[in-house]
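Novice: Below you'll find the structure I mean.
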Amino acid sequence: MNPRRQKRLVAVVAFVLLLGGAIGAMLYALQQNIDLFYTPSQLIEGMGDDKVKPEIGQRLRIGGMVVKGSVRRDPNSLKVSFDLVDTGPIVTVEYEGILPDLFREGQGIVAQGVLVDAKTILASEVLAKHDEEYMPPEVAEAVKGIKHVAPKNMQSYGQPKVSEPETTTPEQGKPAGQQP
């Protein structure tokens, strides 16, 4: 083989090997940072036709409604645990840290963390829904077409929220200093 062709061949092979190594390293790094999204029902019953369940120790995100009366706080630390539900089984989330200001019972949240056992997640981050209209895309897709029914074993969850009628008058809606 011609020395010129041999140099070209070595350069092309080296380039292909370096490109393959770079792509492999990127895919390996991305694999460690992927968090799959589950609802409590999908976590317990499995996901898809094969009913695939996450493995213990797997990082994941879970979204659902905080069950009323389920928030338990440790008086000596920032540890808090609460139950999440969607339409079926209940999952427990344990978190250590300051919860978001909008976190409350009966509110939709998304928690990111590690699966400790079949029904417990150790969360590293808890995100609360910011208003009644917003829903994370994964949650919206998961609950599309599902009619919500209260769990049978939790009486306090699902009770209708009593709202007070608004008592605003036309004068209250105007900026200060303007006359009608």
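Novice: What list do you get for L115, L36 if you sort them by fewest beta carbons within 10 Å?
Specialist: Arranged by neighbour count, lowest to highest, L115, L36 become L36, L115.
Novice: Something else now. Taking every pair of distinct Cα atoms and averaging 1/r, then inverting, what Kirkwood hydrodynamic radius in Å comes out for segment 1-58?
Specialist: Across segment 1-58, the inverse of the average 1/r is 15.3 Å.
Novice: Looking at the square roots a ≥ b ≥ c of the eigenvalues of the Cα gyration tensor of segment 36-142, which shape do they give, rounded for a/c under 1.5, prolate if a/b is larger than b/c, or oblate?
Specialist: Details: a/c = 1.82, a/b = 1.26, b/c = 1.44.
Verdict is oblate for segment 36-142.
Coordinate-derived values only; no laboratory data. Since we're looking at a predicted model, the values are computed, not measured. Every residue, glycine among them, receives a Cβ derived from its backbone with ideal geometry; neighbour counts consider all protein chains shown.
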